[in-house]
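The values are calculated or read from the model by the stated rules, or taken from the named source; none is laboratory data. Owing to the predicted nature of the structure, the values given are computational and were not obtained by experimental measurement. Note that we place each Cβ from the backbone using ideal geometry, even for glycine, and neighbour counts take in every protein chain shown.
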Amino acid sequence: MSGEFFLAAGLTVAGALAAMILRNLIHCVLALVAGFAGLAVIYLQLGAQFVGLAQIFVYAGAVAILAAFVILLTQGVEHRTRPAAVLDWVVGALLACGVFAMLAWAIAKSVQFLPQATQRPDAGVRAIGNAMLHQFVLPLEVVGLLLTAALIGAVLTAMRDEEAGA
Amino acid sequence: MSIFMLHLHAWIHALASSALGHALWMVVPVLVVFPALFAVTTLLERKGLGRIQNRYGPNRAGPWGLLQPMADAIKALTKEDVVPEAADRLVHFCAPVLMVLSAFLVYAVVPVSRTWVVAPLRAGVLFFFAAGSLMEIAVFMAGWSSRSQYSLLGAMRALAQMISYEIPLVLSAMVAVMAAGSLSMVEIVRRQAGYSGIWPHWFVLTPWGLAGFVLFLIAATAESNRSPFDLPEGESEIIAGYYIEYSGFKFALFFLAEYLGMFAISALGITLFLGGWSAPFAFLTWIPSWIWFFAKLLALIAGFIWIRGTLPRLRMDQLMRFAWEFLLPLTLCHLFVAGVWKFFPTGAARWLGCAGVLLAVYWLLGRRLEQSGGLARRTYHFAE
């Protein structure tokens, strides 16, 4: 728990909070980018260079831009006066507590089964590649299939719109 | 006097061996050399374009117009900084800062010479693309925060283009990564620094390497928003695109970032395919390695200027079609060919086979692109 960790963690939490609270949706996206960057710094501190840089490349680069694109292409969201986080405080708080409790329980339970780490685990590209293509090849393929299905669905939806418009 | 010099020498030595000194020694040259190169390039570009267009180019400031970059810098510094009334002031201010930041960050992993690389990261190529992707955010921030239709149009064009061309760019770079078996830029150059007889082991001298280099250059031109892919700036249509509402030094920062981005992506191309700092022939290795790096960099910049002076701007639908229907399948096939190359025995059969497959796919895709009418004249329903 060093000072750098608290800086990165603070950036992550502040970014996430701002993304939730701010009124302007574009500001929310930019705050989200800051949150992603903080998360990437934490990964880098843990020695996971590949994961940290991929976090910036994929999330701060591509995903945030796509979100901004969607916001700009959807009309009439820029002049909203109400923040997103007022709808149903009780339900939201309950959901958040539930998710947090489940995650905390899972993490607390997994720690006792793991061997004590005596050295930094190897999170290099080679290790990740080996893990993905040997041990976890089936989940990888399933995720790939899922993404392909989502892509085809998106293309189909877009095509139908175009035909109706013309 | 000599005692003073001795002290100074000892002090410099101590500074150079400390961590801070090391950082200064590595970082300061990057912050000095590349902006200086930017100043020289703006002049060379205007002179070169002038020659291509049968005119002189800048020739008033100093002998042969050599002081033109100085005049430009003073002008940019002393101009009034105008921010539009409706602009989102904070985001409007942050955009050029983030832009220049990301433009400088990528130089951290570029091996300029045998010993000069600021941060020899293991995942250097990934760092390059990650830091470069921050530029997209900056472009979006600039275009959106200005509250101007022109700048928003420019930003949307820029983003659509940068996201589309990032895929072929990364895929064509991956080929060199695959061949070297490492994401570290230092390691990739080291793999190419050997010689067979007098010939170097550059990746560009193999069929997949040559194809990869050409694909990389095309995608890099689009990624750095240069002509013929300069739609985001299109002076004749949307004036200056996403940075139309910037004046004075902020405008100069965008200009600087754009050129730094071009140099950086050329440096990446040099590292991946042209052997980085290594000499082109075995008998030329006595020339310092950084000279070779900058010679290759200047050659690529000259190429970019030449292309800008020669090719007209593409249309938006042509641009997109070219990326998704031509470049993407070609780079995927090219990735496959590079993999096959790695597992086949050396010889003429491997060379001809790989080159044949690449040429065949190129020909087929090109024919399809032509027949689908993507590059033909377009009939407009609402204009003309």
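Numerical summary
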{"read-out": "Residue within segment B:97-106 that is farther than 30 Å from B:Ile188 by Cα and not basic (Lys, Arg) present", "value": "yes"}
{"read-out": "Residue count, segment B:310-326 (criterion: hydrophobic (A, V, I, L, M, F, W, C) and farther than 15 Å from B:Ala160 by Cα)", "value": "2"}
{"read-out": "Among the residues listed as B:Leu90, B:Leu77, the single one being within 13 Å of chain A (Cβ to nearest Cβ) and in a helix (DSSP H, G or I)", "value": "B:Leu90"}
{"read-out": "Test result for B:Ala95, over 15 Å from the mean Cα position of the chain (by Cα) and at pLDDT 85 or above", "value": "yes"}
{"read-out": "Options B:Ala160, B:Ala173; residue that is modelled with pLDDT of 85 or more and either assigned to a helix (DSSP H, G or I) or under 20 Å from B:Trp341 (Cβ atoms) (or both)", "value": "B:Ala173"}
{"read-out": "Test for B:Ser151: is it touching a residue at least 40 places away in the same chain (Cβ under 8 Å), polar (S, T, N, Q) and within 13 Å of chain A (Cβ to nearest Cβ)", "value": "yes"}
{"read-out": "When residues of segment B:176-190 are limited to those that are assigned to a loop (DSSP other than H, G, I, E, B) and in contact with a Leu (Cβ under 9 Å, 6 or more places away or on another chain), the one nearest to B:Ala219 (Cα to Cα)", "value": "B:Leu183"}
{"read-out": "Selection within segment B:108-145 - outside any helix (DSSP H, G or I), touching a residue at least 24 places away in the same chain (Cβ under 8 Å), among the aliphatic types (A, V, I, L, M) and within 12 Å of chain A (Cβ to nearest Cβ)", "value": "B:Leu121, B:Ala123"}
{"read-out": "Any hit, segment B:248-267, residues being over 30 Å from B:Val97 (Cβ atoms), in contact with a helix residue (DSSP H, G or I) (Cβ under 7 Å, 6 or more places away or on another chain) and in contact (Cβ under 8 Å) with a residue 12 or more places away in the chain", "value": "no"}
{"read-out": "Qualifying positions in segment A:72-115 - surrounded by 11 or more Cβ atoms within 10 Å (Cβ to Cβ) and modelled with pLDDT under 80", "value": "A:Leu72, A:Val77, A:Glu78, A:Arg80, A:Pro83, A:Ala84, A:Ala85"}
{"read-out": "Filter pass, B:Pro84 being surrounded by 10 or more Cβ atoms within 10 Å (Cβ to Cβ), part of a loop (DSSP other than H, G, I, E, B), in contact (Cβ under 8 Å) with a residue 12 or more places away in the chain and of a type outside the set (Gly, Ala, Ser)", "value": "yes"}
{"read-out": "Filter pass, B:Leu253 being within 17 Å of B:Ala338 (Cβ to Cβ) and either touching a strand residue (DSSP E or B) at 6+ places or on another chain (Cβ under 8 Å) or of a type in the set (A, V, I, L, M) (or both)", "value": "no"}
{"read-out": "Given (1) touching a Ser or Thr at 6+ places or on another chain (Cβ under 7 Å); (2) modelled with pLDDT of 85 or more, index of the condition B:Tyr242 fails", "value": "(2)"}
{"read-out": "B:Val177, sole failed condition from (1) within 14 Å of chain A (Cβ to nearest Cβ); (2) buried (at least 23 other Cβ atoms within 10 Å of the Cβ)", "value": "(2)"}
